[in-house]
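Asker: Take a look at the following structure, please.
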Amino acid sequence: MTAPVATGAAGFLARYEGLKVHLPGARKPWLNTLRADAAVHFAARGFPTRRIEQWKYTDLAPVAQSSFAEPLTMVEGAIALPVANAAHRAVFVDGRFRSDLSTLDGLAHRVGSLAQDLNAAEPFLGALAKPGSEPLVALNTMLFEDGLFIDLPEGLDGGLLELVSIAVDPGRPFAFHPRHLIRLAAGARLTLIETATGRGQCLHNPVFEIEVAEGATFTHGRMLQEEATVFHLSTIYAAIAAGGTYDNFTVAAGPRLTRNEIHAALTGPKAACHMNGAQMAADGQHVDTTTSLDHAAPDCASRQTYKTVLAGRSRGVFQGKIFVHQAAQKTDGYQMNQALLLSENAEIDSKPQLEIYADDVKCSHGATVGALDADSLFYLRSRGIPESQAKAMLVEAFLHEAVETVTDETLRTALTRALDNWWARQGAAA
Amino acid sequence: MLRIEGLTAEIDGKQILKGIDLEVPTGEVHAIMGPNGSGKSTLSYVLSGREGYEVTGGSATFDGHDILAMEPEERAAAGLFLAFQYPVELPGVGNATFLRTALNAQRKARGESELDAMQFLKLARERMKALSMSDDMLKRGVNVGFSGGEKKRNEILQMALLKPSIAILDETDSGLDIDALKIVADGVNAMRGPDFSALVITHYQRLLDYIVPDRVHVLMQGRIVKSGGPELAKELEAQGYAAVQAAA
Ligand SMILES: Nc1ncnc2c1ncn2[C@@H]1O[C@H](COP(=O)(O)OP(=O)(O)OP(=O)(O)O)[C@@H](O)[C@H]1O
Ligand SMILES: [Mg+2]
């Protein structure tokens, strides 16, 4: 029983077999070994199915049943870039670094294409996102071509940097699997504003490995705004050492299916992790935020606030696991997820999960689900504000509350714009 | 002129308004008094179009227009304003944004030009000063963290900005201190004129010393059981509703 064109996992494995001698780093034994190992894992497990607990609410069947090719060799020529948020930006088209579109001149530290800097990446690649951890990480490891590599030396303030990912529609289904490696040495600082746009039948499967050393601070704002034909499955692994901070804020609004999966480990005392976000889905779309927080050291703090807005026949998922090791005394963990359902056909599945093995901890979580408040809506309308505008005001109020926690003003402005754009598109579609 | 005839309405199948007949001619201020639960707020909600109230009979027209057939925002654009007994808190919606959006929505509906942020601020500050409200209340979320009295003043501020032709004030005096009561009354009196009318719902005769009504109506168990001049309020205060109803 052989299909004419291999689909899903088999298709990707076949592609790996055919491409492995051409992939970046094909002559580096360590990378070949890593990729081969990943292929074994991916062959054994394939795409996750809903029988796997972490994928109970998100069905990857549409991805597993499609056949995706590689992007075209190289997209040439001018490409419309999103509005710039920072002076320095790294631009990737179909997952490949485009130095001609990027503006990284004058930066003292290592920042640029991973494919062009593989030797420096060797000790770190696959250290946090191990091929055997998740099938999507295995897939990414097997086939990644490029990604952003940042290595900030001790004490350096890297300022504000942008990561722009653009997918260009080649007119047939295609997939790309960027691998981003971000390392901050002790006391370093960086704010990264990431924008993903793109169109076409596309699978964007990025994996991030983020290492925040002692006392370093990494602020990571993400705007996943591809069009409603795109599957966006991203996996982040972050390790935060003593006194370090990782701040993630993700706006997911646009793709047909978004999975925003974050694994953060607080590995040294007084480390902190903030994971916040707003995810929105319109008719026919699916958004999933799945976080896992590992409190492995004492005196660490984690804060999570996620907002979900669902319109039409759409589905949202929030799964948040907080694991407190026995050693992690005085852990301060907080998790909140709130969903706003704008239609009777929208559905949210929310699963908080606390596993606590230390006795002196403060951990709380909460969840709310509701429609727009009828009294609030009537109050606005009684003042002459038309119903659609009144709804928009209340949705914005709900979403803006999430963004208020973002202290970097440039980032907050960019995120707010992303939220408002989504709502404006809904209004136009309604 | 507001004309209500034989108006009946129910909530969840329970009849609350049992045939209201009431006329408020343009330029007049009328007061409605009545015991708790008699249907005063229900009447104000039915007139302003809140969901969940089913009109089962009768009519309500304003200057000849059937207001019951309009959406709440259309009623507002037509000149109707309700000062809520319990103003709603809107976390995340800035008071200034709210007030300007409301004002501009109504101006737009009436074919007038919209105010920009500067023009609006100037106007709002002016009106707030008259109501002894601090500028700070523009920056906060709508009614969020406002004291009871501040919420009521915010209602009057909205009225002063939106300039309705008929205002229903549902217990705007409740919870106000004596100074605030005078300020609110002044706010209402400043609106009085040949093109403005009001329906003032209150439990206390004291308010009517400041806002002297043309007529006073007594609403009991979903019906207007008695109407009279300002002296009726004093009579109610002295004798209570039961005696007045018995005499009616
Ligand atoms: N949502 C509702 N469901 C059921 N009954 C309701 C509802 N709202 C109001 N009622 C009932 O309708 C009746 C009239 O209420 P309404 O609020 O109009 O009274 P009111 O005259 O304004 O009283 P008060 O002086 O206490 O403000 C009361 O018996 C009340 O319990
Ligand atoms: Mg009432």
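Asker: GluC sites (Glu not before Pro) within segment B:102-195: which are DSSP loop residues with at most 11 other Cβ atoms inside 10 Å?
Answerer: Sites meeting the loop and neighbour criteria: B:Glu112.
Asker: Here's another thing I want to ask about it. I need the phi-derived Karplus couplings for segment A:267-273: 6.51 cos²θ - 1.76 cosθ + 1.60, θ = phi - 60°, integer Hz, Gly and Pro marked x.
Answerer: Karplus-based 3J(HN,Hα) across segment A:267-273 equals 9, x, x, 6, 7, 9, 9 Hz.
Asker: Could you state the number of Å between the C-alpha centres of segment A:376-407 and segment A:126-169?
Answerer: Value for the Cα centre distance between the two parts: 37 Å.
Asker: Also, I was wondering about something else. Amide H to amide H under 5 Å from A:Gln335: which residues, 5+ apart in sequence or cross-chain, H placed 1.01 Å off N in plane?
Answerer: Residues meeting the criterion, in which the H sits 1.01 Å from N, are A:Gln304, A:Ser364, A:His365, A:Gly366.
Asker: Continuing with this model, one more query. Scan segment B:41-82 for GluC sites (Glu not before Pro) in coil per DSSP, keeping those whose Cβ has at most 14 other Cβ atoms within 10 Å, and list them by number.
Answerer: Numbers: sites: B:Glu51, B:Glu54, B:Glu73, B:Glu74; in loops: B:Glu51.
Answer by residue number: B:Glu51.
Asker: Additional query: In debye to the nearest 20, how big a dipole does segment B:43-94 give about its Cα centre with +1 on each Lys and Arg Cβ and -1 on each Asp and Glu Cβ?
Answerer: Numbers: 2 positive and 8 negative charges, 30 e Å.
With Lys and Arg at +1 and Asp and Glu at -1, about 140 debye.
Asker: Further question on the same structure: In Å², what does the accessible area per residue of segment A:8-371 work out to with a 1.4 Å probe? Kindly include the intermediate steps, with their values, before the conclusion.
Answerer: Details: 13030 Å² over 364 residues.
For segment A:8-371, the solvent-accessible area averages 36 Å² per residue.
Asker: Here is a further query. Between chains A and B, what is the buried accessible area summed over both chains (1.4 Å probe, protein heavy atoms, nearest 100 Å²)?
Answerer: That pair hides around 1900 Å² of surface in total.
Asker: Ratio of alpha-carbon Rg to the 2.2 N^0.38 Å globular estimate for the protein assembly as shown, to two decimals, please.
Answerer: The protein assembly as shown yields a ratio of 1.19.
Asker: Turning to a different aspect of this structure: Out of residues 5 or more away from A:Val309 or on other chains, whose amide H comes under 5 Å of its own, with H placed 1.01 Å from N in the peptide plane?
Answerer: The list, which skips near neighbours in sequence, is A:Gln279, A:Met280, A:Ala281, A:Leu340.
Asker: Full extension from B:Arg110 to B:Glu126: what is 0.36 nm times the residue separation minus their Cα-Cα distance, to one decimal in nm?
Answerer: Fully extending the segment from B:Arg110 to B:Glu126 adds 3.5 nm.
Asker: Could you state the orientation-averaged shadow area of the convex hull built on the Cα atoms of segment B:39-171, in nm² to one decimal?
Answerer: If you wrap the Cα atoms of segment B:39-171 in a convex hull and average its projections, you get 8.6 nm².
Asker: Cut-off 11 Å, label point 7 angstrom out along Cα-to-Cβ of B:Thr56: give me the residues of segment B:9-27 whose amide nitrogen falls inside.
Answerer: B:9-19
Asker: Moving to a separate point now. How big is the C-alpha Rg of segment A:254-389 next to the rule-of-thumb value 2.2 N^0.38 Å, as a ratio?
Answerer: 1.25
Asker: Of A:Ser292, A:Leu163, A:Gly200, whose Cα points farthest to the positive end of the dipole of chain A (charges on the beta-carbon: +1 Lys, Arg; -1 Asp, Glu; origin at the Cα centre)?
Answerer: Projecting each Cα onto the dipole axis, the largest value belongs to A:Gly200.
Asker: Next question. May I ask what percent, to the nearest 5, of DSSP beta bridges between residues of the protein assembly as shown are antiparallel?
Answerer: The answer is about 20 percent antiparallel.
Asker: Okay, next question. Just how many % of Cα pairs in segment A:8-371 lie over 35 Å apart, if you round to the nearest whole percent?
Answerer: Result: 19 percent of Cα pairs exceed 35 Å.
Asker: Can you give the helix-only mean residue ellipticity at 222 nm for chain B, where every DSSP H stretch with n ≥ 4 adds -39500 (n - 2.57) and the sum goes over all residues, rounded to the nearest 500 deg cm²/dmol?
Answerer: -12000 deg cm²/dmol
Asker: Another question about this same structure. Taking R0 as 30 Å, what FRET efficiency do you get between A:Lys351 and A:Ala36 from their Cβ-Cβ distance, rounded to the nearest 0.05? Display every interim value, and only then the final one.
Answerer: Values: r = 35 Å, r/R0 = 1.16.
For R0 = 30 Å, the calculated efficiency reads 0.30.
Asker: Give a residue-ordered list of calculated ³J(HN,Hα) values for segment A:56-69 (Karplus: 6.51 cos²θ - 1.76 cosθ + 1.60, θ = phi - 60°; whole Hz; x for Gly, Pro).
Answerer: Running phi through 6.51 cos²θ - 1.76 cosθ + 1.60 with θ = phi - 60° gives 4, 9, 10, 9, 8, 3, x, 7, 5, 9, 9, 10, 10, 9 Hz.
Asker: While we're looking at this one, here's another question. Along its three principal axes, how long is chain B when you only count alpha carbons? Whole Å, largest extent first please.
Answerer: Principal extents (Cα only, largest first): 56, 39, 35 Å.
Asker: Further question: Any idea what the dipole of segment A:8-371 comes to, in debye rounded to 20, about its Cα centre with Lys/Arg Cβ at +1 and Asp/Glu Cβ at -1? Don't jump to the answer; show the numbers that get you there.
Answerer: Numbers: 31 positive and 38 negative charges, 112 e Å.
Taking the Cα centre of segment A:8-371 as origin, the dipole is about 540 debye.
Asker: Further, regarding this structure: Expressed as an acute angle from 0 to 90° and rounded to the nearest 10, what is the orientation of the C-alpha long axis of helix B:231-247 relative to the principal long axis of chain B?
Answerer: That works out to roughly 40 degrees.
Asker: Expressed as cubic angstrom per residue, what is the convex hull volume of the alpha carbon set of segment B:114-233?
Answerer: Spelled out: Cα convex hull of segment B:114-233, divided by residues, is 129 Å³.
Asker: Here's a follow-up. Pop out the carbon and sulfur fraction of the accessible area of the protein assembly as shown as a percent, whole number, probe 1.4 Å. Don't skip to the end; give the middle numbers.
Answerer: On the way: 13580 of 27050 Å².
Carbon and sulfur together cover 50 percent of it.
Asker: In sequence order, what are the phi-derived ³J(HN,Hα) couplings for segment B:126-133 according to the Karplus relation 6.51 cos²θ - 1.76 cosθ + 1.60 with θ = phi - 60°, rounded to whole Hz, with x for glycine and proline?
Answerer: 4, 5, 5, 4, 4, 9, 6, 9
Asker: If you filter segment A:380-428 for GluC sites (Glu not before Pro), then keep DSSP loop positions with at most 15 other Cβ within 10 Å, what is left? All intermediate terms of the calculation are to be shown ahead of the outcome.
Answerer: Values: sites: A:Glu387, A:Glu396, A:Glu401, A:Glu404, A:Glu409; in loops: A:Glu404.
Loop-located and lightly packed - A:Glu404.
Asker: I've got another one for you. Any chance you could check the Cα centroid distance between segment B:143-167 and segment B:91-124 for me, in angstrom?
Answerer: 14 Å
The values are calculated or read from the model by the stated rules, or taken from the named source; none is laboratory data. Worth saying up front: this structure is predicted, and the values here are computed from it rather than measured. Neighbour counts are summed over all protein chains in view; Cβ atoms, including those assigned to glycine, are modelled from backbone coordinates with ideal geometry. Side chains are part of the model used for accessible areas, which takes the heavy atoms of the whole protein and leaves out ligands, DNA and RNA. Shrake-Rupley method; radii C 1.70, N 1.55, O 1.52, S 1.80 Å.
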